[in-house]
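Report on the structure given below.
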Number of protein chains: 2
Amino acid sequence: MEKLQLHITISPDLYTKDPESSVLGQKIVSKSIEMINDLGFEDFTFKKLGLEIGSNESSVYRYFESKHALLVYLIDWYWSWVEYRLVFATLNVPSVEARLTQAISILTAEVTEDNSFSYINEVLLNKIIITESSKAYHTKAIDSENQKGYYKTYKRVVQRVSDFVSEINPSYEFPHMLISTVIEGAHHQLYFSKHLPALTDFEEGKNNIVRFYTDLVFNTLSHK
Amino acid sequence: MEKLQLHITISPDLYTKDPESSVLGQKIVSKSIEMINDLGFEDFTFKKLGLEIGSNESSVYRYFESKHALLVYLIDWYWSWVEYRLVFATLNVPSVEARLTQAISILTAEVTEDNSFSYINEVLLNKIIITESSKAYHTKAIDSENQKGYYKTYKRVVQRVSDFVSEINPSYEFPHMLISTVIEGAHHQLYFSKHLPALTDFEEGKNNIVRFYTDLVFNTLSHK
DNA sequence: TAATATTAATAGTATTACTATTATATTTGC
DNA sequence: GCAAATATAATAGTAATACTATTAATATTA
């Protein structure tokens with residue numbers, strides 16, 4: 001598969017200085033993805049990051065006002081990328097059912113190939129979303145941050161797929177619950193499969209998570 | 001409703017000194033539940049707790065070796081309490097379907113009454129589970145802690161309800177995924193309903209979350 | 001009453017998540 | 001091609017955190 005040269009635009013509210021605008025900024029994003037994966041978000045610090053990229057803690061602060069802000073940026077980047085893939089995969093697909101099937105697959109499958117963007121490793125970023133993203137919004141500041149639009153992209157993705165659901169079954173009462181349950185659920189299952197397997201029915205190579213959520217959605221929509 | 005005098009036993013692995021064994025220990029648990037709710041887990045500290053209970057930071061450390069250990073204790077207490085309610089509510093219910101319906105309701109409804117235990121506020125504890133519990137297991141130490149049995153009770157609850165699922169439909173492939181999706185999903189929906197309502201279809205007083213998950217499970221099991 | 005255990009008080013440590021200031025590169029505008 | 005503007009690095013500093021260690025005071029029990 002060839003590398004796509006596409007561009008993801010992130011709202012300026014999510015950074016102090018645009019990390020895409022300089023080599024240092026790109027290194028900050030790129031290396032922080034690696035380090036958050038290696039160390040976990042708690043043990044990751046701007047000081048360690050500065051050291052790794054041959055730069056300084058204070059330089060990182062010129063791009064992101066806090067560790068939390070960097071995590072929010074990465075999450076938004078991820079959902080922007082998912083939204084792009086969602087649009088791309090459902091464009092020119094005439095059947096809504098097929099579009100929804102595609103969407104569920106994109107939302108629930110583990111990312112295994114890193115090939116779209118030069119300095120962002122999507123495989124690692126997906127792992128961060130799975131293990132760290134809930135820490136971003138389970139915060140006392142959630143309401144004010146939500147108002148500032150920090151989670152806009154994620155909400156738009158949910159809305160987009162919920163629209164397929166409503167198109168298939170316009171009388172279905174809970175399209176948003178269904179889709180947010182699928183997204184968050186799949187992330188939990190992927191995490192559980194590696195760390196708390198008793199909570200799951202994962203089997204290597206059998207695609208159980210995608211199958212489980214696909215069946216769940218279509219069974220739910222075909223009922224009554 | 002009268003107060004039940006029942007007793008919940010927590011594995012000694014989850015504390016340094018049993019908090020139930022002294023007034024100070026009970027005050028630590030009781031006040032920490034209040035304070036984690038007020039401040040959020042990040043801003044809650046043993047120093048602040050000591051101050052509030054008229055005791056000292058170092059005294060708290062005799063009961064729990066860390067803030068994290070205290071959270072794990074609270075989570076285990078919560079699931080032990082849920083398990084008790086689960087057993088109680090399904091005892092002498094002859095139909096499996098009715099037992100599963102009861103179970104889903106216990107797992108997905110918000111706790112609104114605090115009446116079983118003297119020094120533990122179950123309403124607040126339920127809120128902590130909803131907003132803070134994912135922080136306990138999204139940690140680099142998850143595997144070693146899981147091995148030490150830290151999440152045994154939660155896993156037992158999932159197993160218990162999965163067994164109802166398998167009894168209703170023995171050929172259903174994903175009973176654990178289904179139940180863990182319901183539990184984690186309901187917590188997310190309760191959180192979203194208060195902070196990110198665009199991700200949900202919550203309506204005050206309409207019991208949508210319980211209805212959504214009940215329908216989801218029974219539709220899934222009745223299919224094919 | 002003495003021994004023992006529990007709790008409180010004090011002090012201290014390394015680290016964190018920042019802020020502020022200044023010095024040194026690098027880029028750009030003319 | 002040089003000055004001005006800007007970006008980055010280095011250094012230092014702060015308040016707070018998550019603990020540990022030690023000692024002193026207070027209960028409990030034998």
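Miscellaneous remarks
- Computed from label points 7 Å out along Cα-Cβ, the spacing between residue B:109 and residue B:96 is 2.4 nm.
- 3J(HN,Hα) from dihedral phi, the range A:12-25, Karplus parametrisation 6.51/-1.76/1.60, rounded to Hz, x for glycine, proline: x, 5, 9, 8, 8, 10, 4, x, 6, 7, 8, 4, 4, x
- 10 Å Cβ neighbours from other chains, averaged over peptide B:11-24: 0
- Here the gap between residue A:218 and residue A:17, fully extended at 0.36 nm per residue and compared with their Cα-Cα distance, gives a gain of 68.0 nm.
- For residue B:57, the accessible surface of its heavy atoms amounts to roughly 80 Å² (probe 1.4 Å, protein chains only, rounded to the nearest 10).
- Ellipsoid fit via the Cα gyration tensor, the protein assembly as shown: semi-axes of 35, 31, 18 Å, each the root of five times an eigenvalue, largest first.
- Counted charge near residue A:42, where neighbours are those whose Cβ lies closer than 11 Å (Asp, Glu -1; Lys, Arg +1): +1
- Other residues within the sphere of radius under 15 Å centred on the Cβ of residue A:100, judged by their own Cβ, net out at 0 (K and R +1, D and E -1).
- Using θ = phi - 60° and Karplus 6.51 cos²θ - 1.76 cosθ + 1.60, couplings along the range B:141-158 (whole Hz; Gly, Pro as x): 8, 3, 5, 5, 5, 4, 5, 6, x, 4, 10, 3, 5, 4, 4, 5, 4, 4
- Euclidean distance of C-alpha centroids, the range B:76-113 and the range A:79-143, integer Å: 35
- Chain B - mean residue ellipticity at 222 nm from DSSP helices (-39,500 (n - 2.57) per run, n ≥ 4, rounded to 500): -20500 deg cm²/dmol
- Under 19 Å of direct C-alpha separation, and excluding same-chain neighbours fewer than eight residues apart, residue A:48 reaches these lysines: A:27, A:31, A:67, B:140.
- Shape class of the range A:97-203 from the Cα gyration tensor (axes a ≥ b ≥ c, square roots of the eigenvalues): rounded, since a/c falls below 1.5.
- Ligands, DNA and RNA excluded, the heavy atoms of residue A:11 present near 40 Å² of accessible surface to a 1.4 Å solvent probe.
- Cα-based helix-to-principal-axis angle, A:122-137 vs chain A, degrees rounded to 10: 90
- The Cβ shell under 13 Å around residue B:146 holds other residues with a net charge of +1, Lys and Arg each +1, Asp and Glu each -1.
- Charge-dipole axis of chain A as Lys and Arg at +1 and Asp and Glu at -1 on Cβ define it, positive-most pick from A:35, A:106, A:207: A:35
- Taking N as the residue count of the range B:23-143, its C-alpha radius of gyration divided by 2.2 N^0.38 Å amounts to 1.19.
- Comparing chain A with the 2.2 N^0.38 Å rule of thumb, its C-alpha radius of gyration ratio is 1.07 (two decimals).
The values are calculated or read from the model by the stated rules, or taken from the named source; none is laboratory data. Fair warning: this is a prediction, and the values are worked out from it, not measured in the lab. Cβ atoms come from the backbone with ideal geometry, glycine included; neighbour counts cover every protein chain shown. In case anyone asks, the SASA skips ligands and DNA or RNA and just uses the protein heavy atoms, side chains included. Shrake-Rupley method; radii C 1.70, N 1.55, O 1.52, S 1.80 Å.
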